[in-house]
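Everything on this sheet refers to the single structure shown next.
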Amino acid sequence: MLGLDWIRKNSDQPFFCFLLLNDTHEPTMPKRRFFTPYLDVPATDNQLRELVRWGNLGKTVCAESLAIKKALYAGAVASVDSAIGKMSETLADWKLADKTITTVFSDHGEEFHDHITESMKWAHDPRDINGIGHGHSMFNELLHVPWIASGPGVPSQKIMNPVSLCNFAPTVCHWLDVDAMPQPKVAMPEFAGSAKPEDRMILSQEIAYGPDLKSVRHGSWKLVAKSDGTALALYNLDSDPNEKIDLRDEQPEIVENLVEFVKKWSEQDKDNDSKWDINDRIRKQLEDLGYA
């Protein structure tokens, strides 16, 4: 693993190493030993090759294809887990585990027809791909991602309250007791004593395909809306964690308050867009990652 080689060469001084484990992104084709345990239906080599990309599932997805794709994805996650395990064991062998913070997080999850009805109703994705993969919805199968950390200074506790990935870097700096983040600091409230969980706004947005979508979570309420403030759905995640019951009509006041927040957020986005100046180096880095 290239990351381990780099760490070995630089571990005689403070270091920061970011490893992008892209196995779960398409093409999703892990080694057979990783996905075979999850494969409950027969799959030919041709089927496996066809299903390494989300778009190849097509507009309608049969149960067999969906089962194969789920197995491939589970195998890809298992391969990432194996790589992380190897890295952790190697850090321990090198006597670095006790003085290195290791943290794992994801940028998003994937959906497997969890909300196909809503996806087709909203007709959001111009590629005509509905309810599969990512890039076209704001449901929790995409937004609820893991964040795991261990090492010196990391509290031994499980946080159940929702947090944002925007809290990630400031929280790590807080654990390291370094002042490396621009103001304002937004370390996780549980560790830094900032806003109470019930007062916190958790923001997410989707800008990959079609019109931008945004979601705002405040307490148990979650609004999904277009950037212009058009409300698409309102869910109470305490009573409806799977986001199946749209409560827009029953809770007009909550919708109005959260829509107003979305509109202000979108206006800020417009202001910030005009300030971005992406130079050639950053553009090349984005291209190398497949995002430009």
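Taking the residues in the stretch 143-197 that are modelled with pLDDT of 80 or more, of a type in the set (Ser, Thr, Tyr) and surrounded by 14 or more Cβ atoms within 10 Å (Cβ to Cβ) as candidates, determine which candidate is nearest to Ile101 (Cα to Cα).
By that ranking, first place goes to Thr171.
Counting just the residues of the stretch 75-101 that are under 19 Å from the mean Cα position of the chain (by Cα) and open to solvent by 30 Å² or more (accessible area, probe 1.4 Å), which one comes out nearest to Phe16 (Cα to Cα)?
Ile84
One residue is enough: does the stretch 216-238 have a residue meeting the conditions closer than 14 Å to Asn140 by Cα, part of a loop (DSSP other than H, G, I, E, B) and of a type in the set (D, E, K, R)?
Yes, the stretch 216-238 contains a residue that is closer than 14 Å to Asn140 by Cα, part of a loop (DSSP other than H, G, I, E, B) and of a type in the set (D, E, K, R).
Find the residue count for the stretch 269-290, including only residues that are under 30 Å from Gly219 (Cα atoms) and either modelled with pLDDT of 75 or more or not polar (S, T, N, Q) (or both).
Total satisfying the criteria: 4.
Can you find a residue that is within 22 Å of Trp175 (Cα to Cα) and touching a Gly at 6+ places or on another chain (Cβ under 7 Å) anywhere in the stretch 102-124?
Yes: one or more hits.
Looking at the stretch 1-56, what helices (runs of 4 or more DSSP H) fall wholly within it and have at least 1 residues that are open to solvent by less than 40 Å² (accessible area, probe 1.4 Å) and more than 15 Å from Val77 (Cβ to Cβ)?
Filter on the stretch 1-56 gives 2-10, 45-50.
Does Lys70 count as open to solvent by 40 Å² or more (accessible area, probe 1.4 Å) and more than 30 Å from Arg8 (Cβ to Cβ)?
yes
The values are calculated or read from the model by the stated rules, or taken from the named source; none is laboratory data. Note that the coordinates shown come from a computational prediction; the quantities given were computed from them, not determined experimentally. Because the Cβ atoms are built from the backbone with ideal geometry, glycine has one as well, and the counts that use them run over all protein chains shown. Areas reflect the complete protein model, heavy atoms only, side chains present, ligands, DNA and RNA absent. Shrake-Rupley method; radii C 1.70, N 1.55, O 1.52, S 1.80 Å.
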